[in-house]
1. Can you spot a residue in the range 114-125 that is polar (S, T, N, Q) and open to solvent by less than 40 Å² (accessible area, probe 1.4 Å)?
2. Residues that are on the phi < 0 side of the Ramachandran plot, within 43 Å of the chain's Cα centre (by Cα), part of a loop (DSSP other than H, G, I, E, B) and without any contact (Cβ under 8 Å) to a residue 24 or more places away in the chain: does the range 89-112 have at least one?
3. Looking at this structure, is VAL153 assigned to a loop (DSSP other than H, G, I, E, B) and β-branched (Val, Ile, Thr)?
4. State yes or no: is LEU301 within 25 Å of LEU356 (Cβ to Cβ) and either touching a helix residue (DSSP H, G or I) at 6+ places or on another chain (Cβ under 6 Å) or in the same structural domain as LEU213 (by the TED database) (or both)?
5. When you scan the range 185-286 for strands (runs of 3 or more DSSP E) that lie fully inside it, which ones turn up with 3 or more residues that are open to solvent by less than 30 Å² (accessible area, probe 1.4 Å)?
6. Of everything in the range 97-110, what is surrounded by 13 or more Cβ atoms within 10 Å (Cβ to Cβ) and either in the same structural domain as SER170 (by the TED database) or not polar (S, T, N, Q) (or both)? Give them in sequence order.
7. Against the definition (free of Cβ contacts under 8 Å to residues at least 40 places away in the same chain and farther than 28 Å from ARG159 by Cα), how does THR377 come out, yes or no?
8. Select the strands (runs of 3 or more DSSP E) contained entirely in the range 289-395, then report the ones holding at least 1 residues which are open to solvent by less than 10 Å² (accessible area, probe 1.4 Å) and within 23 Å of LEU222 (Cα to Cα).
Amino acid sequence: MSACGCDSKGLRPVDEAIDELLARVPPLPAVEYVALSDALGRVLAEPLSAPFPVPAWDNSAMDGYALCAADLPAEGGWLPLAGRIAAGDAAEQRLPAGHAVRIFTGAPLPPGADTVVAQEDCQVEADRVHLPAVSRGAHVRRQGEELAAGAPVLQAGKRLRPQELGLLASFGVARVAVYRRLRVGLLSSGNELREPGQPLAPGQIYNSNRYCLLGVLRSLGLEVHDYEILADELAASRDALALAASEWDLLITSGGVSVGEEDHLKQAIRELGELHLWRLAIQPGKPLAFGEVGGKPWIGLPGNPAAALITSLVVARPFLLRAQGCSEVLPKPLRLPAGFAWRKLNSRRQYLRARLETVEGELRVCLHPRQGSAMLTSASWAEGLAIVECNRTLEEGQPVEYLPFSDLLG
């Protein structure tokens with residue numbers, strides 16, 4: 001494991017950096033109406049209140065027999081049957097006194113009925129049914145017991161998941177008001193980069209960041225435009241950033257934000273706009289930068305692949321979601337026993353590639369043995385990130401915070 005201690009002087013704490021990004025979120029995109037079938041992952045722009053109660057009427061919670069409990073002797077007994085009611089039937093006729101009716105799950109209770117008995121507890125003989133002792137109101141879903149008419153259902157800022165789509169559909173919503181997708185220009189920086197399928201000359205590598213970050217951004221519901229690779233030249237960086245800022249809502253770059261002589265993006269940003277933040281107390285990903293170009297926000301991610309991935313999920317993700325109108329943007333880590341010991345102090349908060357494994361019958365957070373900032377094999381092996389706070393050590397079995405990738409990607 002590569003936990004190298006670094007001087008934290010001048011490094012911005014991760015939480016403070018995220019707060020600063022969130023404080024600089026631009027005005028929200030325009031509102032548009034989309035078909036419910038196209039709304040998955042979009043952010044709701046208008047609140048929804050229940051237009052009618054849920055359930056809309058008293059109905060049966062199971063297949064069985066509906067009756068008025070007062071018509072049955074306390075110990076149970078026989079009642080004549082007065083027909084059947086299936087889901088979708090109107091059930092407008094009143095239940096005759098002293099009778100029961102065959103009923104199915106979801107079917108409305110007829111007027112006069114207040115109780116349902118499960119069919120497996122009943123005995124049917126010709127045109128009558130034997131019912132056990134009952135409790136009044138058993139197995140009945142009451143009108144409005146889930147939601148009263150006018151009750152708040154969904155708030156603006158909710159990112160729509162499958163369950164929200166189903167909820168909207170249950171109220172007959174066919175088109176839904178959402179914020180327009182945030183339009184992002186993605187640029188990769190580095191003379192050494194080549195695209196998959198091209199031959200590699202000595203010293204060249206394939207551009208893995210482009211595809212990794214495209215996946216992250218699209219999982220967040222963004223519209224992404226992928227630019228050509230930026231040459232490591234100030235003029236080229238300046239021209240490309242100016243063009244992208246004129247075309248898109250927000251810019252994201254990878255590489256070119258460290259301290260090397262060939263890292264020109266920060267200078268280009270200073271010439272075109274403003275640099276608000278640079279260098280975080282995070283490992284991996286210290287060189288992350290944030291600023292604006294021509295009034296458009298810019299996030300400069302590190303060039304090392306694992307560092308670019310992790311900072312995109314930890315730092316950039318909350319900003320990108322909030323910029324799309326999403327209200328809940330910070331993930332909630334799990335606290336689970338560590339399946340590892342971490343005994344070397346580090347002045348930066350560490351996000352370690354990890355996954356959950358069962359150790360001696362207990363679910364524990366286990367690390368990949370290689371944690372280098374350029375290593376994507378460990379990220380592919382991992383199912384999440386273990387968080388070790390700055391200047392902390394950890395013994396095996398102690399609780400550690402764990403962020404599943406499933407909570408970060410999407």
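The values are calculated or read from the model by the stated rules, or taken from the named source; none is laboratory data. Small disclaimer: the values here were computed from a predicted structure and weren't measured. Reconstructed Cβ throughout: ideal geometry from the backbone, glycine too, with neighbour counts over all protein chains shown. What goes into the accessible areas is simple: the full protein's heavy atoms, side chains included, and nothing from ligands, DNA or RNA. Shrake-Rupley method; radii C 1.70, N 1.55, O 1.52, S 1.80 Å.
1. So far as the range 114-125 goes, yes, one or more of its residues are polar (S, T, N, Q) and open to solvent by less than 40 Å² (accessible area, probe 1.4 Å).
2. Taking every residue of the range 89-112 in turn, at least one turns out to be on the phi < 0 side of the Ramachandran plot, within 43 Å of the chain's Cα centre (by Cα), part of a loop (DSSP other than H, G, I, E, B) and without any contact (Cβ under 8 Å) to a residue 24 or more places away in the chain.
3. So VAL153 fails the test.
4. No: the conditions fail for LEU301.
5. Of the strands (runs of 3 or more DSSP E) lying wholly inside the range 185-286, those with at least 3 residues that are open to solvent by less than 30 Å² (accessible area, probe 1.4 Å) span 250-254.
6. Scanning the range 97-110 gives GLY98, HIS99, ALA100, VAL101, ARG102, ILE103, PHE104, GLY106, ALA107, PRO108, LEU109, PRO110.
7. Spelling it out, THR377 is indeed free of Cβ contacts under 8 Å to residues at least 40 places away in the same chain and farther than 28 Å from ARG159 by Cα.
8. 289-293, 296-301, 384-388
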